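First up is the structure itself, then whatever we jot down about it.
Each value in this text was obtained by applying a stated rule to the coordinates, not by laboratory testing. Values in this document were obtained by computation on a predicted structure and should not be read as measured data. Cβ: placed from backbone, ideal geometry, glycine included. Neighbour counts: every protein chain shown.
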Amino acid sequence: MKKLILGFAGEMASGKGTCAAYLKEKYHAETFRFSTALFDIARRVHLREDRDTLQKISTFLRKEFGEDTLAKVMFEDAKNATAELIVIDGVRRLEDVKYLRELPEFKLVYLAAPMRTRYERMIVRGEKADDATKTYEEFEADHQRESELEITKLEAFAAEVIDNSGTMPELQSALDAIVKKYAE
């Protein structure tokens, strides 16, 4: 297998983390998340790990240190990774894609799923402090936040688009096909 860096983009709860976990388990991929640094900061300064707090931290970092600050972190992590398959979870902005495309092995994968499906997944996973109690209307409103507005534009820049409205085996089959296409 030749080196492959897959960056996953998609709206909230579209399956980015699920893809990363599958690729880590099956292919021993090394995984990185844009949000890891945000969670680290929130924990270190004892802030609530909810969507609002993480977005405020992200906005501050980008405003103070440049729009591509987190992309630079992912770029360096991926560049220095030793695994043949590397996954970057949570590509959100065009600036991220522009920066990561400097890595010749990088391919953007966009995940799409209906809003209702994504809402139900978010409630079940409970990744952020406020996920389990969020109403559907609040979930819809979250899509209007600054951090979410550019995500759908990324589909046009994706090397691959996965419709993740089906079953887990269908998603895994799509991921296997992508790995085969680009890494073999």
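Values computed for the structure shown
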| quantity | calculated |
| --- | --- |
| Counted residues, segment 91-142 - those being assigned to a helix (DSSP H, G or I), more than 18 Å from SER35 (Cα to Cα) and among the charged types (D, E, K, R) | 8 |
| Counted residues, segment 29-52 - those being over 16 Å from ILE88 (Cβ atoms) and not β-branched (Val, Ile, Thr) | 11 |
| Qualifying positions in segment 154-177 - surrounded by 14 or more Cβ atoms within 10 Å (Cβ to Cβ) and either assigned to a helix (DSSP H, G or I) or among the small types (Gly, Ala, Ser) (or both) | LEU154, GLU155, PHE157, ALA158, ALA159, SER165, LEU171, GLN172, ALA174, LEU175, ASP176 |
| The lone exception for MET74 - which of (1) buried (at least 21 other Cβ atoms within 10 Å of the Cβ); (2) of a type in the set (A, V, I, L, M); (3) out of contact with any strand residue (DSSP E or B) (no Cβ under 7 Å at 6 or more places or on another chain) it fails | (3) |
| Residue list for segment 42-68, filter: surrounded by 16 or more Cβ atoms within 10 Å (Cβ to Cβ), under 30 Å from LYS3 (Cβ atoms) and free of Cβ contacts under 8 Å to residues at least 40 places away in the same chain | LEU61, ARG62, ASP68 |
